[in-house]
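Report on the structure given below.
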Amino acid sequence: MSGTIGDYFFIVSLIFFGLIVGDIAAYATASHFEEIFTKKLHKYEKIEKKYENGKDLFNKYGVWGIFLSRFVLLGLGAPLNYISGFSQYSFRKFLAYSASGELLYVSIYAYIGFVFKDSWVSLYDLIVEFPYMILLIILAIFSYYQLKRYL
């Protein structure tokens, strides 16, 4: 990415709005077909129970999943869009956490590209390792609080 800081903000805005439109489209599609999906699940009692348990779990912890899947756990973003729609998760919460995660994602990676525009090898290494570093930090914090709670 080369150019001025104005170019940076234009590209961040453009990518951000594209990602949000995609997230909303996936949520809306899944939400639209939720009734058909659940009718088919009624045929399979075991799967329906697991689906309801998963839905409850998602409604409880989905906020973290939605937010973190945008910039740390990159491969889970699209499936969580559909799961949010299927589980009839609050659209306002979905949009708020999705948008904040996407903005962080776009800002971080576009800024890295802006800063490292001439050294792609360093940029690639940083992009590959960044989600793992964040995940390790989150796991360390989680472990600390679990140990503190149990001790």
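Is it the case that some residue within the stretch 116-133 is surrounded by 14 or more Cβ atoms within 10 Å (Cβ to Cβ) and within 30 Å of A28 (Cα to Cα)? Among the residues of the stretch 116-133, at least one is surrounded by 14 or more Cβ atoms within 10 Å (Cβ to Cβ) and within 30 Å of A28 (Cα to Cα), which makes the answer yes. When the test is whether a residue is among the hydroxyl-bearing types (S, T, Y) and closer than 26 Å to F9 by Cα, Y97 passes it. Residues in the stretch 90-103 that are of a type outside the set (G, A, S), without any contact (Cβ under 8 Å) to a residue 40 or more places away in the chain and surrounded by 16 or more Cβ atoms within 10 Å (Cβ to Cβ): Y97 only. For the residues Y51, Y44, Y27, the requirement of being touching a helix residue (DSSP H, G or I) at 6+ places or on another chain (Cβ under 6 Å) and over 25 Å from I108 (Cβ atoms) singles out Y51. If we keep just the residues of the stretch 31-83 that are surrounded by fewer than 15 Cβ atoms within 10 Å (Cβ to Cβ) and among the basic types (K, R), which is nearest to G18 (Cα to Cα)? The selected residue is K60.
Here, each number is a calculation from the coordinates, and none is a lab measurement. None of the values given here were measured: they were computed from a predicted structure. Positions of Cβ are generated from backbone atoms using ideal geometry, with glycine treated the same way; all protein chains shown enter the neighbour counts.
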